[in-house]
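Asks: Take this structure, written in structure tokens, and hold onto it; I'll ask about it next.
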Amino acid sequence: MPRNNRPSRRASEQPDDDQNGLGRLLAGWKRTESKRDGEWFVQPVTGSQSGKRYICPGCSLDIAPGVAHLVAWRADAMMGDEAALADRRHWHNHCWRLK
């Protein structure tokens, strides 16, 4: 069997999940929405992009893997964009409309 000459990635060289998520959110399509409690960045997530289970803060029910939903985080956060991204939440589309 031939030898694989590609360098292997060490655990310390692999991208951090939070950084990967941050990059995906910043690179993806997003919009700004005004709600009663302030300005929010909102980014849709298609069913094919959604691979984890989340709890919707609007109804406290599961968002199953493979279900289209959206991610929202404060646009007017006092602690800056990185803190707002760390506090982002996954919402059912209909729960977000009712917020």
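Computed from the coordinates by the stated procedures, all read-outs in this text should not be read as laboratory data. None of these values were measured; they are calculated from a predicted model. Note: ideal-geometry Cβ built from the backbone for every residue, glycine included; neighbour counts use all protein chains shown.
Asks: Tell me, in nm to one decimal, what length is gained between ALA75 and GLN43 on full extension, where the rule is 0.36 nm per residue of separation less the Cα-Cα distance?
Replies: On the way: separation 32, 0.36 × 32 = 11.52 nm, distance 1.20 nm.
The ALA75-GLN43 span can extend by a further 10.3 nm.
Asks: Sorted by mean Cβ packing within 10 Å, highest first, what order do the peptides 87-97, 50-60 take?
Replies: Details: 87-97: 16.3, 50-60: 13.3.
In decreasing order of mean packing, 87-97, 50-60 become 87-97, 50-60.
Asks: Give me the dipole magnitude in Debye, nearest 20, for region 30-98 about the Cα centre, with unit charges on the beta carbon: positive for Lys and Arg, negative for Asp and Glu.
Replies: Around 240 debye, computed over region 30-98.
Asks: Arrange the following residues from fewest to most other Cβ atoms within 10 Å of their Cβ: VAL45, VAL67. Please list the in-between numbers first.
Replies: Numbers: VAL45 21, VAL67 16.
Fewest to most other Cβ atoms nearby, the residues stand as VAL67, VAL45.
Asks: Sticking with this structure for a sec: Using 7 Å Cα-to-Cβ label points, what is the ASP87/LYS35 separation (nm, one decimal)?
Replies: 1.2
Asks: I've got another one for you. Just to be sure I understand the curve: with the Debye formula and one point per C-alpha of region 30-98, what is log10 I(q)/I(0) at q = 0.27 Å⁻¹?
Replies: These q points yield log10 I(q)/I(0) values of -1.25.
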